[in-house]
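Worksheet for the structure shown next.
The values are calculated or read from the model by the stated rules, or taken from the named source; none is laboratory data. Here the structure is a predicted model, which is why all the values come from computation and not from measurement. FYI the Cβ positions are ideal-geometry reconstructions off the backbone, even for glycines, and counts take in every protein chain you see. Note: areas computed on protein heavy atoms with side chains; ligands, DNA, RNA excluded. Shrake-Rupley method; radii C 1.70, N 1.55, O 1.52, S 1.80 Å.
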Amino acid sequence: MRTSFKVHAALAGGAGALMLLVAGPTLLPGVLPLPSPRFLAVLAGVTVFPLLGWALFRGLFFGGFDRELQWLAFRCLPGRTRLALVALIGAGVALCVLDGAASGSRQNAEVRDGRYVVLETTPGRRGTVEVDRREYEAVREADQRSALTIPGTMLAGTALIVLVTGEARRADGGAVSTTSAAPASGGTRN
């Protein structure tokens, strides 16, 4: 596998792991000193879209592999790498499920004119609602968790896509060079 695939996967996997590691403790009681959810969303967008876009571009235009070849390429990855990526994606999915269960119908916590307000999304009661500080902090923490969990899981999946594409391309490239070298040598194989 070329080094560019390894670097790309390390960037995506490392950023995804960092986001998920920061998102995990937000399920515990207490408030973490994290940046605002808007800043986290911008950070995630700046990280996820270029890495995922380049991974999909590499997979679609440089890959062209069928599913069986991708499965074989996944199985050819080192065992620890497969385990780490599957565990990272599994942790991200678990955090997404827990986040969905823990967060209610309120989101987008803000402070307006010294009052704490959240967006209520319950059908029939949609709109801005004033809440106390404790509810504000809980909704803000849920927003932060969502802003980290979803992109973290996407980045873990991006790392997997990149490594599978790189391994399949390496295997496919090796097969092409072997078959094209035989006729050029002028001899036949016995």
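Results, tabulated for the structure shown:
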{"item": "For region 78-89, Karplus couplings with θ = phi - 60° (6.51, -1.76, 1.60), whole Hz, Gly/Pro x", "result": "x, x, 5, 5, 4, 4, 5, 5, 5, 5, 5, 5"}
{"item": "Protein accessible area in the chain, 1.4 Å probe - carbon and sulfur %", "result": "63 percent"}
{"item": "Rounded tilt (10° steps) of 67-76 against the dominant C-alpha axis of the chain", "result": "90 degrees"}
{"item": "Potential lengthening between E137 and L60 on full extension [0.36 nm per residue; Cα-Cα distance subtracted]", "result": "23.4 nm"}
{"item": "In Hz, Karplus ³J(HN,Hα) per residue of region 40-54 (6.51, -1.76, 1.60; θ = phi - 60°; x = Gly, Pro)", "result": "5, 5, 5, 4, 5, x, 5, 8, 5, 5, x, 5, 5, x, 5"}
{"item": "Value at 222 nm in deg cm²/dmol, rounded to 500, when DSSP H runs of n ≥ 4 in the chain each add -39,500 (n - 2.57)", "result": "-24000 deg cm²/dmol"}
{"item": "Net +/- balance of residues flanking R106 in space, Cβ distance below 13 Å, scoring K and R +1, D and E -1", "result": "-4"}
{"item": "Length-normalised contact order for region 1-153 - Cα pairs under 8 Å, 6+ apart - percent", "result": "37 percent"}
{"item": "In Hz, Karplus ³J(HN,Hα) per residue of region 121-136 (6.51, -1.76, 1.60; θ = phi - 60°; x = Gly, Pro)", "result": "10, 5, x, x, 10, 5, x, 7, 10, 7, 10, 7, 4, 5, 5, 4"}
{"item": "In range of the label at V97: residues from region 1-23 whose backbone nitrogen is under 19 Å from the point 7 Å along Cα→Cβ", "result": "20-21, 23"}
{"item": "Under 5 Å, built H, 5+ apart or other chain: amide partners of V131", "result": "Y116, V117, V118"}
{"item": "Proportion of all alpha-carbon pairs of the chain beyond 19 Å (%)", "result": "66 percent"}
{"item": "Virtual paramagnetic centre 7 Å along Cα→Cβ of V129, amide N under 17 Å, in region 5-29", "result": "none"}
{"item": "Given charges at Cβ of Lys, Arg, Asp, Glu: region 29-149 dipole, positive-most of C76, L52, L119", "result": "C76"}
